[in-house]
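Trainee: Here's a structure for you.
The values are calculated or read from the model by the stated rules, or taken from the named source; none is laboratory data. Remember, it's a predicted structure, so these values are computed and weren't measured experimentally. Here the Cβ positions follow ideal geometry from the backbone for every residue, glycine too, while neighbour counts run over all protein chains shown.
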Amino acid sequence: MVRMTSEETRRMKLAALTEEHRQLNAYVDKLSADPTVPPLELQRLKKRKLALKDAIGALQDQLTPDIIA
């Protein structure tokens with residue numbers, strides 16, 4: 001059985017979150033053009049998109065080494 005390191009696990013999670021954010025962004029853009037979509041639904045999707053962006057940023061920070069200049 002092959003075990004992944006925590007960095008590999010984080011990179012896989014980052015890739016999955018980035019893909020989900022990309023797909024959600026395209027979906028929100030499509031729905032924004034439709035005037036029949038309830039504003040509350042659009043707002044909920046945008047909040048989810050923002051939460052994904054925050055999670056992506058947190059993972060990127062964990063993967064980026066601290067460099068003291």
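Trainee: Limited to the range 26-69, what total is found for residues that are of a type outside the set (A, V, I, L, M, F, W, C), free of Cβ contacts under 8 Å to residues at least 40 places away in the same chain, assigned to a helix (DSSP H, G or I) and closer than 30 Å to THR5 by Cβ?
Mentor: Here the count works out to 6.
Trainee: Also, quick follow-up: I'm trying to understand the selection: among the residues of the range 47-69, which are farther than 16 Å from GLU19 by Cα and of a type in the set (Val, Ile, Thr)?
Mentor: Of everything in the range 47-69, those that are farther than 16 Å from GLU19 by Cα and of a type in the set (Val, Ile, Thr) turn out to be THR64, ILE67, ILE68.
Trainee: If I filter the range 4-17 for residues that are loosely packed, with under 10 Cβ neighbours inside 10 Å and either modelled with pLDDT under 95 or β-branched (Val, Ile, Thr) (or both), do I get at least one hit?
Mentor: For the range 4-17, residues loosely packed, with under 10 Cβ neighbours inside 10 Å and either modelled with pLDDT under 95 or β-branched (Val, Ile, Thr) (or both): present.
Trainee: Go through the range 3-62 and give me each residue that's of a type in the set (A, V, I, L, M) and within 11 Å of the chain's Cα centre (by Cα).
Mentor: Scanning the range 3-62 gives LEU14, ALA15, ALA16, LEU17, LEU24, LEU50, ALA51, LEU52, ALA55, ILE56, ALA58, LEU59.
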